[in-house]
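Down below is the structure, laid out as structure tokens.
Derivation of every value follows stated rules applied to the coordinates shown; laboratory data play no part. All figures in this text were calculated on a predicted structure; none of them were measured in a lab. Cβ coordinates were reconstructed from backbone atoms using ideal geometry, including for glycine residues, and neighbour counts include every protein chain displayed.
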Amino acid sequence: MKFSLRTLFTQGLSGHTGWGPQWRTPEPKPEYDAIIVGGGGHGLATAYYLAAEHGVRNVAVLEKGWLGGGNTGRNTTIIRSNYLWDESAAIYEHAVKLWEGLSQELNYNVMYSPRGVMMLAHTIHDVQVFKRHVHANRLNGIDNEWLTPGEAREFCPPLNISANVRYPILGAALQRRGGTARHDAVAWGYARGASARGVDIIQNCEVTGINRDAAGAVTGVETSRGTIRSRKIGVVAAGHTSVLMGMAGVRMPLESYPLQALVSEPVKPVFPCVVMSNTIHAYISQSDKGELVIGAGTDAYTSYSQAGGLHIAAHTLDAICEMFPMFRRMRMLRNWGGIVDVTPDRSPIIGKTPVPGLFVNCGWGTGGFKATPGSGHVFAATIARDDPHPIAAPFTLERFRTGRLIDEAAAAAVAH
Amino acid sequence: MLIIPCPHCGPRPENEFRYSGEAHVVRPADPETLDDAALAELLYMRSNPKGRHAERWRHIHGCGWFFNCIRDTVTDRIERTYPAGTAP
């Protein structure tokens, strides 16, 4: 069913009783041309582009829980592409360009809202780093501009630019094309598009083993719903990547950490943009439901607990209250954690592995949501052609052996 | 917040400590003889298990000593801690 004003009107005439499920719920077939392990945004996008752009339609997406129930449904939905290195800028900008047309492409409103992402500088070092980013981004044709504290407050009026705070604001970098999107809609939109093109989306199906033949190539997976055969397997499992790759005997340069977020009670529109402060670990925007969506830092230690320590969230709220004094009496509704897979250079790993037929897309760390369309797009091409997409090529697993790291850890000023 | 039993100082809150990654990653006696794959394994590859994990902590706001710790990464419960340089 195509969503349009006409469908809405005709459904309205029948009392909105005719809306069907947006994707099929098939039983797993014994064999597929490709299996994607992980039904989050990146996995579903991969399946969608495999079917839509490469004609690989006999595909299964295996999800151990429910669609978008992992980090896709747990993040703070920030989208931006103002990364320092050329390789990173290329992939994140590829994603932003896809975001811009995604609702039309999927015929599903992902509520992409380019309301501007402002990154605050609190120290001289921040100022130097952000100005360097602004120049690097401009060379790569990516919009990013430097704002004085006064200009920053003009863009975001609730901001406290007083000098009498612990971490005064010395300026900000603003990417106007950055913004947010609706996380659930991204997963559901890709699922709907993929399902309509023949992809089988199988929820509550946990992969428990990866089968290989005598030559070492993959032959399929063992799951909680039986054996499923395929010569191509793409692992897109975020925090659980090390566990899954271990089933094929591949060790990964990953550590999984809990990353927390929280939302406030809903209020009327008060916050016009996205503000990030890496130095004092706070990210904030307002959802269309009116909740303040606040992102905190990672815990100090690796964990799969999907919770995280309360002192981490409290630290972030200290920062929020200092930067935005008007939120001091807001009450928080919920907080939660997602498990993020962090690489040594804080750049993702996309591509082939030492095991023939096994592909991996992981290591997005604390900032994977923004890349969802781009990640799926280049990973689908990599799987379909059995050869890395040019944008994905620098992000190989091989780089940890060759030493060609893409060191955004130091460069992006991303809080890790 | 974890309560971590420092082998030297006793149980203390997590924010007195610094996490220092996987334990028992042995630095070879002659690293210059390693090939690229072995160096990648040493520097970057981590077991990152879902379950029992041997890890290092340092009591930076206490005795200053590194020590090892066995923790379950699903429940975050600490099984035990033991001095650096001793077997798990």
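Table for the structure above
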item	result
Distance in nm between pseudo-label sites at B:R77 and A:H315 (7 Å out along the Cβ direction from Cα)	2.7
Chain A: angle of helix A:41-54 to the longest principal axis, Cα-based, in degrees nearest 10	60
Computed [θ] at 222 nm, deg cm²/dmol, chain A (DSSP H ≥ 4; -39,500 (n - 2.57); rounded to nearest 500)	-9000 deg cm²/dmol
Percentage relative contact order, chain A, counting C-alpha pairs under 8 Å, at least six apart	22
Integer Hz, Karplus 6.51/-1.76/1.60 couplings in order for region A:258-268, x for Gly and Pro	x, 10, 9, 9, 8, 10, 8, 4, x, 9, 5
Cβ-Cβ FRET estimate between A:V165 and A:Q104, R0 fixed at 41 Å, reported to 0.05	0.40
For region A:263-331, alpha-carbon Rg over 2.2 N^0.38 Å	1.14
Candidates A:S224, A:S285, A:S375: whichever shows maximal mean-square fluctuation once chain A is modelled as a Gaussian network with Cα springs under 10 Å	A:S224
Over region A:1-126 - Rg/Rh using Cα atoms and the Kirkwood inverse-distance radius	1.05
Loop-resident sites, region B:1-84, for trypsin sites (Lys or Arg not before Pro), counting at most 14 other Cβ within 10 Å (DSSP)	B:R77
Relative contact order (%) - criterion: Cα under 8 Å, at least six apart; region: region A:288-339	42
Integer Hz, Karplus 6.51/-1.76/1.60 couplings in order for region A:228-233, x for Gly and Pro	10, 8, 6, 8, 10, 10
All-pairs alpha carbon distance profile, the protein assembly as shown, 10 Å steps from 0, percent	4, 18, 28, 27, 17, 5, 1, 0
Trypsin sites (Lys or Arg not before Pro) restricted to region A:303-401 and DSSP loop, no more than 12 other C-beta within 10 Å	A:R328, A:R329, A:R331
Span from the region A:332-363 Cα centroid across to the region A:8-82 one, whole angstrom	19
Filter on A:K268/A:K370; A:K2/A:K232; A:K2/A:K29; A:K131/A:K268; A:K2/A:K289; A:K64/A:K268 - keep pairs with C-alpha separation over 29 Å	A:K2/A:K232; A:K131/A:K268; A:K64/A:K268
Cβ-isolated cysteines (cut-off 4.7 Å), chain B	B:C63, B:C69
Other-chain or far-sequence residues with amide H under 5 Å of B:R46's (modelled H)	A:M252, A:L254
Calculated Rg and Dmax of region A:255-404 using C-alpha coordinates, Å	18.4, 56
Qualifying chymotrypsin sites (Phe, Trp or Tyr not before Pro) in region A:1-62, DSSP loop, other Cβ atoms within 10 Å at most 12	A:W19
Kirkwood Rh in Å, taken over region A:79-148 so that all alpha-carbon pairs contribute	13.3
Calculated FRET value between A:D386 and A:A307, using beta carbons and R₀ = 56 Å, to 0.05	0.90
